[in-house]
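Step one of this worksheet: look at the structure below.
The values are calculated or read from the model by the stated rules, or taken from the named source; none is laboratory data. All figures in this text were calculated on a predicted structure; none of them were measured in a lab. Reconstructed Cβ throughout: ideal geometry from the backbone, glycine too, with neighbour counts over all protein chains shown.
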Amino acid sequence: MEKQEKIWLEKLFDDKDIKLKHFKTLIYIFKEYNFNAYAKLDETKMMEVCEIKNKKTLNRMLNYFLENKYIKLKIGKNGLYVSLNCITDNITRNSKPRINIEKLKDREDFLTEQLFNPTCVWGNITKQKRIEIVNSYTEKEIKEILDNKKFYIDYDSFLLTPYWKVIKQILKQKHNSCQRCGSKYKLHIHHLTYNHHFYEHLFLDDLIVLCEKCHQNEHTNN
Ligand SMILES: [Zn+2]
Ligand SMILES: [Zn+2]
């Protein structure tokens, strides 16, 4: 059992109401999908793994985790998604996973578990190196990895990923003021199109630096 899982297990068993089969579900989600990425809620599979007989029990269990902030549920394009984000927020708040450069050798895992993990943070890797790492991925490669992993991440979580932080850094290096009015106050990055979502680093022209005010205008005018 991995160290992280062990920490959760201990924490969860502090809680008298929680049962082993419930924990098994979490581990199931954790293993089957990418840790911290949103995974599509597969009710049938979950019930199977937890030996839950009816949907009502499953809902009760999910509500329990929801109330205790162990999981987050979100409605996505194709249904309901569940994530374990909150577990890391609540239980391992002080030990955010760090980008591990050694993992670069396994590019797939590095991309999905670290670069696109909303709770992962850069360690003392230089800004230049971060850009280098992100730029080393080709559009084709990212597409393949994401398709392969049935990867899903909602937009709010995407904005927290190390990947997006690098994109913001590149854009703000290029333009240190609003590209509409020149203001330097509260700069945002705005997507002109989402056609290349998840490989923005290859299509920087899809993005524009705007101040908060111009950004608001942009959204109300469209
Ligand atoms: Zn502006
Ligand atoms: Zn925008």
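Looking at (1) within 16 Å of ligand 2 (Cβ to nearest atom); (2) at pLDDT below 95; (3) farther than 19 Å from residue 99 by Cβ, can you tell me which one residue 179 breaks?
(2)
Considering only residues of the stretch 210-222 that are within 11 Å of ligand 2 (Cβ to nearest atom) and among the hydrophobic types (A, V, I, L, M, F, W, C), which is nearest to residue 178 (Cα to Cα)?
210
Quick one: would you say residue 201 is at pLDDT 95 or above and either under 29 Å from residue 81 (Cα atoms) or hydrophobic (A, V, I, L, M, F, W, C) (or both)?
Here the answer is yes, as residue 201 does meet what is asked.
Identify the residue in the stretch 157-189 that is over 23 Å from residue 126 (Cα atoms) and buried (at least 17 other Cβ atoms within 10 Å of the Cβ) and, among all such residues, is farthest from ligand 1 (Cβ to nearest atom).
Only one residue fits best here, namely 157.
So that you can scan it fast, the table gives a plain yes or no per residue for (1) among the polar types (S, T, N, Q); (2) within 30 Å of residue 75 (Cβ to Cβ); (3) out of contact with any Cys (no Cβ under 6 Å at 6 or more places or on another chain); (4) at pLDDT 95 or above:
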{"residue": "167", "(1), (2), (3), (4)": "no, yes, yes, yes"}
{"residue": "175", "(1), (2), (3), (4)": "no, no, yes, no"}
{"residue": "188", "(1), (2), (3), (4)": "no, yes, yes, no"}
{"residue": "194", "(1), (2), (3), (4)": "no, yes, yes, no"}
{"residue": "216", "(1), (2), (3), (4)": "yes, yes, yes, no"}
{"residue": "220", "(1), (2), (3), (4)": "yes, yes, yes, no"}
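Return the residues of the stretch 199-222 that are surrounded by 18 or more Cβ atoms within 10 Å (Cβ to Cβ) and either farther than 15 Å from residue 164 by Cβ or free of Cβ contacts under 8 Å to residues at least 60 places away in the same chain (or both); say none if nothing qualifies.
200, 207, 208, 209, 210, 211, 214, 215
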